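Trainee: The following block contains the structure, expressed as structure tokens.
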Amino acid sequence: MIEATQTALTPSEVTKIMSTEALAEYRQKLQAQYDPNAPMIYVCCGTGCQAAGSVDVVEKFREILVGSAWDGKVVPMIKPTGCHGFCSRGPLVIIEPQDIFYQRVTVNDVQEIVEKTVLNNELIKRLQYKSAGAKESITKASEIPYYAKQTRLVLKNIGRVNPTEIGDSIIRNGYAALAKALTQMTPQQVIDEVSSSKLRGRGGAGFPTGLKWESCAKQEGLRYVICNADEGDPGAFMDRSLLEGDPHSVLEGMAICAYAVGSHRGYMYVRAEYPLAVKTLTTAIRQAEALGLLGKNIMGTGFDFEVTISTGAGAFICGESSALMASLEGKVGRPRPKYIRSVEKGFRDSPSNLNNVETYANIPSIIANGGNWYKSYGTERSSGTKVFALTGNVFNIGLVEVPMGISLMEIVFGIGGGVPNKRALKGVQTGGPSGGCIPIPHKIPDINVGYGKLAEVGSIMGSGGMIVMDEDTCMVEVARYFVNFLVEESCGQCTPCREGLTRMKEILDRITQGDGREGDIELLEEIGKFTNNFSLCGLGTSAANPVLSTIRYFREEYEAHIRDKKCPAGVCKKLFHYEIDPDICTGCGLCKSKCPVKAISGEKKKVHVIDQSLCMKCMECYKNCKFRSVKIM
Amino acid sequence: MSGTACVCQEIECREIEIDYNQLDKIIRDDYGGNKETMIMMMQAIQRVYRFLPEAALKYLSQVIDVPLTKIYEVATFYASFSLEPKGKHILTICTGTACHLRGSGGMVRHIAERMGIEPGKTTQDLKLTLETVNCVGACAVAPVAVMDEKYYPKATIATLNDFMDRLDAE
Amino acid sequence: MRVLNIILNGKAVTAREGQTILELAQENGVFIPTLCHSPALEPAAMCRLCTVQVIEGGRAKFVTACNFPLRRDAEIRTDSPEVRHGRKLIIELLMARCPSSPELQRLAVEYEADLTRFSSLNDDCVVCGLCTRACEAVTGKTLSLAGRGTAIHVSTAFAKISDFCIGCGACVQICPVQKISMEDVDGERHILLHGKIVSQVKLPRCKSCGKYFGPVIDLEKVMDRMGEHLIPPPNADTCPECSRHNLAVKLGKRYFEQYGVFREEGQADAG
């Protein structure tokens, strides 16, 4: 499908690696080229940081480093890397060996960083990280709570390797697990190791990975290994970061899987919205093939495994296994109405093992360190770690990898740094559009994040989206948003999903517009249970979750919209207005100066008032009042 | 070989030149004429014309032997395909959850009103297509706008107005 | 073949492994309503009306009877309150789209559907996909389900008059809500989707009687698709009535030659 284009190998003179010993030798050779004391500048080039200008920062570093005279000093190396995960602070720069962390670096800071920090070990205060409310800034990346409280197993290479240089991965033991599997283990032993790790699919359903491989290996004939990189959940970007930051771990995991289930053909289905991931992967595959780590006769063992990239064209439903396989075949991505699992009959009607990106990326360390090692993280029923995309109303937005079973409050406050703007936490939405809202801390004090526990409170693990919502979030609006998303993304073939969701959207639209009727909540529940039972595929049978879970925990908010025609959170514009509390207002005039329609009047140091006929409810006064005197009525 | 296909728009009738040699290169050379890669062939065709011209799809149908109605089905199913000519500039506003919570919906409405087009549509002068996307995975810098493939983090209505002012000046 | 022990609505019956629930129910005289099912076509399980409850290995789940293959002993409930309630909702939702369908109206009465709950959409198509699947089975070149989500609809390529339709009329025959029609006008067959012409096929004129008749001439395309392109279409230029007549005459003549008995056409056995 997409063929890799020209890319430079590092080093370019390398020929094919024809044995596992040769891989070890090559690794030693590469390691010898690096001076552990030489300065190394890592610049995050994930989508978030690139959007904030990190590519220019890298260019500027290169320009300065090449142009400078180094007078016998060790020349610093510059390394553009994948997503470090701390996206809200980007562009990020980390300087080794001191582990100095700089945030929000711009092109104008580069000269200073080289002169002061790299050459003279001098810190630049304004670029350093400070925790919310703290006076002292933090120097080292590893001491920042956001990183310190994570357990990075699957993300271990991200931020440390240049994803476009396979040598970086090899230095950090890339493809060593594949070498071990191919030469020291039988396929059954590989499956047993994965089974013993108790790894469960990270894509959503949480099916035990070892069990899936085992049933695929039992099938006859040609088998396919497919990687689901159609990360469609809005607010989730774990897979994107893995593909952009450490593509070789994913490819190695797929190759190990292929060996275990007896396959020689792999497909990577990447969503079209991730052009950078496609580019990085294409380069990675080309480089691995050139070294003989993928393709024919891998490392001289006689084992063949070829990987082809295929891109989607914008359809959330293609994350569903049978729809993905139809799309891989060049067809419309509608789920197949068959009660046959894809490990029996999937792509081209052949047995197909489908796992998602994060699942495959976990495999190399499990093979290298053993299933027992992996199982030592997490809980009995949910082993290992999980990467979450922490977003929404939280200080530290980005990727966090934590052991399963961790407290949700710890993620939001310990790692995420809590809710900004002195707002209170209202809940956390997990599992994307098929998930649910967990009302911590008020209605449920806290939960330990694991497959079983999340299901118990009416949500799901999903692929790992975690959206923090503060008190200014209207839960009815949130439900309407997700249902609207699913109405747009439903494939439309089955009645409950197509018609049921449309009607749920219709009802939620009217509730948020102030036209809700008595009985609407019950009707939503009735349709919701029906679509969950009667729909054809996984999208339909979980589509009502956001509605059902918000009704379950925030029923009074629905009632306020319907009966009192009020939106308590101040989101649904027709259902609230702002008033300035005369007892609190100090007359500072900030709201007046911020109001774009001049609806606020009042003299300095006197109580201000809002002219309701002019107010367009843009929230500026509410957000900006330092004394919280603007009230939602 | 070369031919023309008529793409009738409301104001005038435009003729689109189809370069069949180029199509052949995409279909036969780049993708080996393999039916399974049809979606990617269509993406490549769309990159050339900025939409999927009917004549190009007819040719594709003949070369890879897939009925035209099936190609039409695929073209209307996937959100990234367009059967209408797209604008010279494409503004995509992310409406993923994180962006939504930070007001991307209002940005979409603002541009829609200012340019007088619905999301997904193109201005009559073919200058701008306004699109929405369900998450580009850059949630940390929400809300995100993508103008002609360049990402603009933490976009505001003011950022977007700047684009529009520049477009108007063109 | 393994024989399975099934409890169907409380009654013990046996099933063949791999048999669908719908087949088993039909064999045992249990009626399960369907909209998108045709025994001639692969099940699509789109309308979901045939949903039933299956309890396998202690776990209850909802499955569609038309395509669920029985693989082990199970209990099946085709008419439980949950099942009936779900069907009622399907009917209410589809009636809002397509209120004029007699089939839906009959089901609405049986399942006591409340037709006031959902506002009318007046779309007139229930998106069962039978027409597109029938078309697929014949040539696969004319109809498909275009669009997605609520925008899904039956369409020809670019919603234009199809160059590939052979005018077989399978879509017309199979549509459960009669929204595809066919008319032969002035030597042309028109297929109309929602009243709009989507296909115009020239009809051949019978060389015997001179009448226009069904587009048998296009059998060639069907043969082609079946990989039997070497077999010439029989009687391509004669209408079916004349074909039958000619064949009868031919057979009759042979019979006369053998047995010396021949009755002219029209001289039926008077007894």
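The values are calculated or read from the model by the stated rules, or taken from the named source; none is laboratory data. Because the structure is a prediction, the values reported are computed rather than measured. Glycine gets a Cβ as well: all are built from the backbone with ideal geometry, and neighbour counts include every protein chain shown.
Trainee: Which one of these does A:GLU526 not meet: (1) in contact with a Ser or Thr (Cβ under 9 Å, 6 or more places away or on another chain); (2) within 11 Å of chain C (Cβ to nearest Cβ); (3) modelled with pLDDT of 95 or more?
Mentor: (1)
Trainee: Pick from C:ILE21, C:ILE55: which is in contact with an Asp or Glu (Cβ under 6 Å, 6 or more places away or on another chain) and over 17 Å from C:GLY129 (Cβ atoms)?
Mentor: C:ILE55
Trainee: In the set C:PRO69, C:PRO81, which member is facing another protein chain (nearest Cβ under 8 Å), within 23 Å of C:GLU23 (Cα to Cα) and of a type outside the set (Asp, Glu)?
Mentor: So the residue among C:PRO69, C:PRO81 that is facing another protein chain (nearest Cβ under 8 Å), within 23 Å of C:GLU23 (Cα to Cα) and of a type outside the set (Asp, Glu) is C:PRO69.
Trainee: In the range A:584-612, which residues are over 30 Å from A:VAL476 (Cβ atoms) and of a type in the set (D, E, K, R)?
Mentor: A:LYS592, A:LYS598, A:GLU603, A:LYS604, A:LYS605, A:LYS606
Trainee: Please work out if B:GLY103 is surrounded by fewer than 20 Cβ atoms within 10 Å (Cβ to Cβ) and either more than 10 Å from chain A (Cβ to nearest Cβ) or not small (Gly, Ala, Ser) (or both).
Mentor: No: the conditions fail for B:GLY103.
Trainee: Somewhere in the range A:174-193, is a residue modelled with pLDDT of 95 or more and on the phi > 0 side of the Ramachandran plot?
Mentor: Yes.
Trainee: Might you let me know whether the range B:38-50 holds any residue that is under 24 Å from A:ARG334 (Cα atoms) and part of a loop (DSSP other than H, G, I, E, B)?
Mentor: Checking the range B:38-50: not a single residue is under 24 Å from A:ARG334 (Cα atoms) and part of a loop (DSSP other than H, G, I, E, B).
Trainee: Let me confirm something: among A:VAL250, A:VAL278, which residue is in contact with a Phe, Trp or Tyr (Cβ under 9 Å, 6 or more places away or on another chain), β-branched (Val, Ile, Thr) and either at pLDDT 95 or above or surrounded by fewer than 24 Cβ atoms within 10 Å (Cβ to Cβ) (or both)?
Mentor: Exactly one of A:VAL250, A:VAL278 is in contact with a Phe, Trp or Tyr (Cβ under 9 Å, 6 or more places away or on another chain), β-branched (Val, Ile, Thr) and either at pLDDT 95 or above or surrounded by fewer than 24 Cβ atoms within 10 Å (Cβ to Cβ) (or both), namely A:VAL250.
Trainee: Only one of these conditions is not met by B:ALA75: (1) surrounded by 22 or more Cβ atoms within 10 Å (Cβ to Cβ); (2) not in a helix (DSSP H, G or I). Which number is it?
Mentor: Unmet for B:ALA75, out of (1) surrounded by 22 or more Cβ atoms within 10 Å (Cβ to Cβ); (2) not in a helix (DSSP H, G or I): (2).
Trainee: In the range A:382-428, which residues are of a type in the set (A, V, I, L, M, F, W, C) and more than 30 Å from A:LYS198 (Cα to Cα)?
Mentor: A:VAL394, A:PHE395, A:VAL419, A:ALA424, A:LEU425
Trainee: Going through A:THR512, A:THR550, A:THR531 one at a time, which residue ends up being outside the structural domain of A:VAL428 (by TED's automatic domain parsing), hydroxyl-bearing (Ser, Thr, Tyr), in contact (Cβ under 8 Å) with a residue 12 or more places away in the chain and farther than 16 Å from A:LEU486 by Cβ?
Mentor: Residue meeting the stated conditions: A:THR512.
Trainee: Being of a type outside the set (Lys, Arg) and surrounded by fewer than 14 Cβ atoms within 10 Å (Cβ to Cβ) is the filter; apply it to the range C:56-72 and report the residue that is nearest to A:GLU499 (Cα to Cα).
Mentor: Result: C:ALA60.
Trainee: Of all the residues that make up the range C:26-64, how many are within 12 Å of chain A (Cβ to nearest Cβ) and part of a strand (DSSP E or B)?
Mentor: Total satisfying the criteria: 10.
Trainee: Return the residue satisfying two criteria in turn: it lies in the range B:78-98 and is among the hydrophobic types (A, V, I, L, M, F, W, C) and part of a loop (DSSP other than H, G, I, E, B), and of such residues it is farthest from A:GLU488 (Cα to Cα).
Mentor: B:LEU83
Trainee: For the range B:80-94, state whether one or more residues are in contact with a Pro (Cβ under 7 Å, 6 or more places away or on another chain) and within 12 Å of chain A (Cβ to nearest Cβ).
Mentor: Taking every residue of the range B:80-94 in turn, at least one turns out to be in contact with a Pro (Cβ under 7 Å, 6 or more places away or on another chain) and within 12 Å of chain A (Cβ to nearest Cβ).
Trainee: Conditions first: (1) in a loop (DSSP other than H, G, I, E, B); (2) not assigned by TED's automatic domain parsing to the domain that holds A:ASN624. A:THR586 passes all but one, so which condition is the exception?
Mentor: It fails just one condition, (2).
Trainee: Here are the criteria: (1) surrounded by fewer than 19 Cβ atoms within 10 Å (Cβ to Cβ); (2) out of contact with any strand residue (DSSP E or B) (no Cβ under 8 Å at 6 or more places or on another chain). Tell me which single one A:ASP581 does not satisfy.
Mentor: So A:ASP581 meets the others, but not (2).
Trainee: Same structure, new question: Which of the residues that make up the range B:126-162 are farther than 19 Å from A:GLN50 by Cα, under 18 Å from the mean Cα position of the chain (by Cα) and either more than 13 Å from every other protein chain (Cβ to nearest Cβ) or at pLDDT below 85 (or both)?
Mentor: B:LEU126, B:LYS127, B:LEU128, B:THR129, B:LEU130, B:ASN134
Trainee: Quick check on my filter: what residues within the range A:46-77 are among the hydrophobic types (A, V, I, L, M, F, W, C) and at pLDDT 90 or above?
Mentor: A:VAL55, A:VAL57, A:VAL58, A:PHE61 - these are the residues of the range A:46-77 that are among the hydrophobic types (A, V, I, L, M, F, W, C) and at pLDDT 90 or above.
Trainee: Looking at the range A:329-349, which of the residues that are facing chain C (nearest Cβ under 9 Å) and surrounded by fewer than 20 Cβ atoms within 10 Å (Cβ to Cβ) is nearest to C:THR132 (Cα to Cα)?
Mentor: A:LYS338
Trainee: I've got another one for you. Could you please give the count of residues in the range C:132-176 that are outside any helix (DSSP H, G or I) and within 14 Å of chain A (Cβ to nearest Cβ)?
Mentor: Number satisfying all stated conditions: 12.
Trainee: Can you find a residue that is within 14 Å of chain B (Cβ to nearest Cβ) and either buried (at least 20 other Cβ atoms within 10 Å of the Cβ) or touching a residue at least 24 places away in the same chain (Cβ under 8 Å) (or both) anywhere in the range A:202-224?
Mentor: Looking through the range A:202-224, at least one residue is within 14 Å of chain B (Cβ to nearest Cβ) and either buried (at least 20 other Cβ atoms within 10 Å of the Cβ) or touching a residue at least 24 places away in the same chain (Cβ under 8 Å) (or both).
Trainee: While we're looking at this one, here's another question. Just one of B:GLN22, B:GLN62 is at negative phi, away from every other protein chain (no Cβ under 12 Å) and either assigned to a helix (DSSP H, G or I) or out of contact with any His (no Cβ under 9 Å at 6 or more places or on another chain) (or both); which is it?
Mentor: On inspection, the qualifying residue turns out to be B:GLN22.
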